[in-house]
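Q: Sharing a structure here in structure tokens format.
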Amino acid sequence: MTKLPNNNILNISNLVKYFYTRQGIVRAVDGISFAIRERETFGLVGESGSGKSTVAYTIVGTYNPTEGKILYKGQDISRESRKRPQSLKKEIQIVFQDPGSSLNPVRTISQILELPLKVHDVVKDSKERINKIAELLDMVQLPSDYLYKYPTMIGGGEKQMVGIARALATDPSFVILDEPTSALDVSIQAKIINMLVKFQKEFNLAYLFITHDLSLMRNIADRVAIMYLGKICEIAPTSEFFKNPLHPYTQMLLSSIPVITDEEEELKPKKIISKGEIPSPVNIPSGCSFHLRCPRKIPICSKDDPIMVNVKEGHCVRCHLFTR
Amino acid sequence: MSMPLLEIKNLHVWFKVFGGILKVLDGVDLIVRPGEKVGLVGEMGCGKTTTMKSIMKLLPMPPAIIPEGEIIYKGKNILKMSSEELQRIRRKEISMIFEDPTAALNPVFTIGEQLQDAVKYSGSESLKTKTKENIRNRAIQALKEVSLPDPERVLRYYPLQLSGGMRQRVCISMALITSSELLIADEPGTSLDVTIKDQVLRLLKELVEKRGTSIILISHALGLVRGMTDRVYVMYAGSVVETGKTNKLFTNPLHPYSQGLLDAIPKLTGDGIGEGISGRIPEYINPPSGCRFHPRCRYVKPICKEKKPPFFKVNEDHEVKCFKFQKKGDEIAKQ
């Protein structure tokens, strides 16, 4: 992969986040590296407990990374958000999964949208602020009388629109979308996704899109990474990823997707049948963490953890089958 | 054609609440024939679960009232059955799998206690004598059927000690412990991960096909319904708007709502995502007149606001409730 460092908005190298609990060490994120380019949608896919949300929270600074480096436009931000410069916080925003619990129920929509404008001094004058808030609401196609409503009075999709408006209020250049539509119906999901795609073009945003829905990824991501138990198994450009999946776990995931047309059915790899359970992140199997469920296991898999290898231009996979 | 196992005719369910009457179900018609796998799809709040709960008479009454409609199971109206009859049917003939296996299992009893209770009261025919030994063996056998490893140990476990996928397997084994004739599965995979969901549902399909049990699969995940069912009903705001063979309906949806719904689903072929459907599901306290979809419909005609469309037959096994498909000879006298 020819990396042009200037082009990357975010560089993550060997990021590790452990949680120390009474049951043992939870290896939520265990040494992952990737880069996100400007104006790109980077898809991070994984099942529950794979550590995708921990990655998101570490990047925004909710968690302090145990190890590793996060570089944002060349600046080191691998620490908690309160130790980061204010100007950087403005640049990185997040939209949460559950719009019901990420909006304060005792604040009006107007108050919710005003807070980031105030904190980051985007608009200083309080009268102008009201105009800006109305503008934000208009941007996500909500009527202006919503200003004085409370989150409980509006629908789930509309709440998520407010969440998006709040994230875009500070004019960021990098937005993390943590399963923004998984709690919503498909017809509302379609509307929100289309809106996000539009905003990306309009404001030149880079997205880190976290989801468990591979079909959704197929349609919006430029590159996709698959996570399993805190590690990335495979990274590839989207079309290559779906045409030529290499890691056995990716193949298992792809063949498990329920689809609605025959054309899609033909695109799925057929051979691999899903089996086994996802192990607990406290007690990760030795060697490659996937070896217990892997249909193409070889003896070395239970001993050594494979390293990431570059198979093709931009297509990396972490599996012993491809290490020579 | 054989006699239907279950037939729901023009079912209306209302809820009396503080603000007025929620007119949730607005004439649901649904037929399940013996051995048939039927899907019921629709978005959140369209009345899928209310329909299912009224089949088992699980709706709390009040606030629920059923002003109109019949649910006929093997020729008898469930809504008019005595409680003993109903108990017998719940115990032996219709079983159910719920969305959230964690909530469906009692956290303070072991899997063994719960499963053995199910064996004891289900009147499973395979058990001649109900000795403790027999009951336990039957429970172990049930767990083996759903391919749970080490069933003896699972019997001693509390639900919290199992993973989500294992819990749902236990629920499936419990539902299939009786040789029931109808299985109602309400979003059986929704709370599980993709690879685990795939395993559990493949297992469910195998077991159901082996025993010839009829199944109603309720889900908002259309892909899942496509893989599991022969025929499908699409529900919107309390009524069935379209029904047909699953494969045919998904490739050629006719009702504007079904079209919007299928268009909105992201596809693996990667041709972008449809626009979705503008607006949202109506309030049930004061639902739109005529066709409940008309405020969101792009083909709306004056008649849609006045009259409820009946089913129009488009071809064999494909019916749709939309005036767009009204032919000259069709009458609308039904309403």
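Q: Given B:Thr190, B:Thr178, which one is over 18 Å from the mean Cα position of the chain (by Cα), within 25 Å of B:Lys53 (Cβ to Cβ), part of a loop (DSSP other than H, G, I, E, B) and among the β-branched types (Val, Ile, Thr)?
A: Exactly one of B:Thr190, B:Thr178 is over 18 Å from the mean Cα position of the chain (by Cα), within 25 Å of B:Lys53 (Cβ to Cβ), part of a loop (DSSP other than H, G, I, E, B) and among the β-branched types (Val, Ile, Thr), namely B:Thr178.
Q: Given the condition within 11 Å of chain A (Cβ to nearest Cβ) and in contact (Cβ under 8 Å) with a residue 60 or more places away in the chain, answer yes or no: does some residue in the stretch B:200-211 qualify?
A: No; the residues of the stretch B:200-211 include none that is within 11 Å of chain A (Cβ to nearest Cβ) and in contact (Cβ under 8 Å) with a residue 60 or more places away in the chain.
Q: Okay, next question. I want to confirm something. Restricting to the stretch A:249-273 and keeping residues that are of a type in the set (Ser, Thr, Tyr) and closer than 28 Å to B:Phe250 by Cα, which single residue is modelled with the lowest pLDDT?
A: Residues of the stretch A:249-273 of a type in the set (Ser, Thr, Tyr): A:249-250, A:255-256, A:261.
Subset that is closer than 28 Å to B:Phe250 by Cα: A:250, A:255-256, A:261.
On the way: A:Thr250: 91, A:Ser255: 88, A:Ser256: 86, A:Thr261: 83.
Among them, the one singled out is A:Thr261.
Q: Same structure again: Specify the residue that is farthest from B:Leu192 (Cα to Cα); the eligible residues are those in the stretch A:181-200 that are touching a strand residue (DSSP E or B) at 6+ places or on another chain (Cβ under 8 Å) and at pLDDT 90 or above.
A: Here the residue is A:Gln200.
Q: Of the residues that make up the stretch A:160-175, is at least one farther than 22 Å from A:Leu44 by Cβ, of a type outside the set (A, V, I, L, M) and surrounded by fewer than 19 Cβ atoms within 10 Å (Cβ to Cβ)?
A: Yes, the stretch A:160-175 has at least one match.
Q: Here are some residues: A:Leu205, A:Leu229, A:Leu246. Which one is modelled with pLDDT of 85 or more, more than 12 Å from every other protein chain (Cβ to nearest Cβ) and either in contact with a Pro (Cβ under 6 Å, 6 or more places away or on another chain) or at positive phi (or both)?
A: The conditions single out A:Leu229.
Q: Which residues, counting only those in the stretch A:232-242, are away from chain B (no Cβ under 11 Å) and in a helix (DSSP H, G or I)?
A: Scanning the stretch A:232-242 gives a single hit, A:Glu240.
Q: Sticking with this one: Please determine, by comparing only the residues of the stretch A:262-273 that are of a type in the set (A, V, I, L, M, F, W, C) and assigned to a loop (DSSP other than H, G, I, E, B), which one is nearest to the other protein chains (Cβ to nearest Cβ).
A: By that ranking, first place goes to A:Ile273.
Q: Considering each of B:Ser258, B:Ser278 in turn, give the residue that is within 12 Å of another protein chain (Cβ to nearest Cβ), outside any loop (DSSP other than H, G, I, E, B), of a type in the set (Gly, Ala, Ser) and in contact (Cβ under 8 Å) with a residue 12 or more places away in the chain.
A: So the residue among B:Ser258, B:Ser278 that is within 12 Å of another protein chain (Cβ to nearest Cβ), outside any loop (DSSP other than H, G, I, E, B), of a type in the set (Gly, Ala, Ser) and in contact (Cβ under 8 Å) with a residue 12 or more places away in the chain is B:Ser258.
Q: Next question. Conditions: (1) more than 12 Å from chain B (Cβ to nearest Cβ); (2) without any contact (Cβ under 8 Å) to a residue 40 or more places away in the chain; (3) of a type outside the set (Ser, Thr, Tyr). A:Arg218 meets all but one. Number of the miss?
A: (1)
Q: Which ones in the stretch B:1-48 are assigned to a strand (DSSP E or B) and surrounded by fewer than 17 Cβ atoms within 10 Å (Cβ to Cβ)?
A: Passing the criteria: B:Lys9, B:Asn10, B:Lys16, B:Val17, B:Gly20, B:Ile21.
Q: Same structure again: Return yes or no: is A:Ile278 of a type in the set (Val, Ile, Thr), farther than 30 Å from A:Phe19 by Cα and crowded, with 21+ Cβ neighbours inside 10 Å?
A: No; evaluated as a whole, the condition is false for this residue.
Q: So in the stretch A:85-117, with the set limited to residues that are hydrophobic (A, V, I, L, M, F, W, C) and more than 24 Å from A:Tyr148 (Cα to Cα), which one is modelled with the lowest pLDDT? Spell out the reasoning first.
A: Let us first name the residues in the stretch A:85-117 that are hydrophobic (A, V, I, L, M, F, W, C), namely A:88, A:92, A:94-96, A:103, A:106, A:109, A:112-113, A:115, A:117.
Imposing the further condition that a residue be more than 24 Å from A:Tyr148 (Cα to Cα) reduces the set to A:88, A:92.
Details: A:Leu88: 84, A:Ile92: 91.
Restricting to residues being hydrophobic (A, V, I, L, M, F, W, C) and more than 24 Å from A:Tyr148 (Cα to Cα), the top hit is A:Leu88.
Q: Output yes when any residue across the stretch A:177-184 is hydroxyl-bearing (Ser, Thr, Tyr) and within 14 Å of another protein chain (Cβ to nearest Cβ), and no when none is.
A: Taking every residue of the stretch A:177-184 in turn, at least one turns out to be hydroxyl-bearing (Ser, Thr, Tyr) and within 14 Å of another protein chain (Cβ to nearest Cβ).
Q: Having 1 or more residues that are surrounded by fewer than 20 Cβ atoms within 10 Å (Cβ to Cβ) is the bar; report the strands (runs of 3 or more DSSP E) wholly within the stretch A:36-96 that clear it.
A: Hits in the stretch A:36-96: A:67-72.
Q: Can you tell me how many residues in the stretch A:149-159 are surrounded by 19 or more Cβ atoms within 10 Å (Cβ to Cβ) and more than 14 Å from chain B (Cβ to nearest Cβ)?
A: Residues in the stretch A:149-159 being surrounded by 19 or more Cβ atoms within 10 Å (Cβ to Cβ) and more than 14 Å from chain B (Cβ to nearest Cβ): 1 in total.
Q: Going by the structure shown, is A:Met195 more than 7 Å from every other protein chain (Cβ to nearest Cβ), under 25 Å from A:Thr54 (Cα atoms) and part of a helix (DSSP H, G or I)? Break it down into steps so the answer makes sense when it comes.
A: Working: more than 7 Å from every other protein chain (Cβ to nearest Cβ): yes; under 25 Å from A:Thr54 (Cα atoms): no; part of a helix (DSSP H, G or I): yes.
The answer is no for A:Met195.
Q: Sticking with this structure for a sec: State yes or no: is A:Val259 of a type in the set (Val, Ile, Thr) and in a loop (DSSP other than H, G, I, E, B)?
A: Spelling it out, A:Val259 is indeed of a type in the set (Val, Ile, Thr) and in a loop (DSSP other than H, G, I, E, B).
Q: Residues to consider are B:Arg169, B:Arg202, B:Arg153; find the one that is surrounded by 22 or more Cβ atoms within 10 Å (Cβ to Cβ) and more than 15 Å from the chain's Cα centre (by Cα). Write out each step before concluding.
A: Numbers: B:Arg202 fails: surrounded by 22 or more Cβ atoms within 10 Å (Cβ to Cβ); B:Arg153 fails: surrounded by 22 or more Cβ atoms within 10 Å (Cβ to Cβ).
Answer to the selection: B:Arg169.
Q: Any residue in the stretch A:98-113 that is under 30 Å from A:Val16 (Cβ atoms), surrounded by fewer than 18 Cβ atoms within 10 Å (Cβ to Cβ), among the charged types (D, E, K, R) and touching a residue at least 40 places away in the same chain (Cβ under 8 Å)?
A: yes
Q: For a quick check of your reading of the model, give me the residue pairs whose first member lies in the stretch B:44-62 and is in contact (Cβ under 8 Å) with a residue 12 or more places away in the chain and closer than 13 Å to B:Val24 by Cβ, whose second is part of a helix (DSSP H, G or I) and acidic (Asp, Glu), with beta-carbon atoms closer than 8 Å and at least 6 apart or on different chains.
A: If the second residue must be part of a helix (DSSP H, G or I) and acidic (Asp, Glu), no pairs are left.
Q: Examine the stretch A:308-319 for a residue that is more than 19 Å from A:Phe241 (Cα to Cα) and away from every other protein chain (no Cβ under 12 Å), and state whether such a residue exists. Even if it seems obvious, please write down each step before you answer.
A: Taking the stretch A:308-319 as the starting set, the residues that turn out to be more than 19 Å from A:Phe241 (Cα to Cα) are none.
Looking for residues that are more than 19 Å from A:Phe241 (Cα to Cα) and away from every other protein chain (no Cβ under 12 Å), one finds none in the stretch A:308-319, hence no.
Q: Checking B:Asn252 against (1) out of contact with any helix residue (DSSP H, G or I) (no Cβ under 9 Å at 6 or more places or on another chain); (2) more than 14 Å from chain A (Cβ to nearest Cβ), which test does it fail?
A: Evaluating B:Asn252 over (1) out of contact with any helix residue (DSSP H, G or I) (no Cβ under 9 Å at 6 or more places or on another chain); (2) more than 14 Å from chain A (Cβ to nearest Cβ) leaves (2) as the failure.
Q: If I go through the stretch B:212-233 residue by residue, how many of them are at the interface with chain A (Cβ under 10 Å from one of its Cβ atoms) and more than 11 Å from the chain's Cα centre (by Cα)?
A: Here the count works out to 7.
The values are calculated or read from the model by the stated rules, or taken from the named source; none is laboratory data. The structure presented is a predicted model; accordingly, all values stated were derived computationally and were not measured. Backbone-built Cβ (ideal geometry, glycine too); neighbour counts: all protein chains shown.
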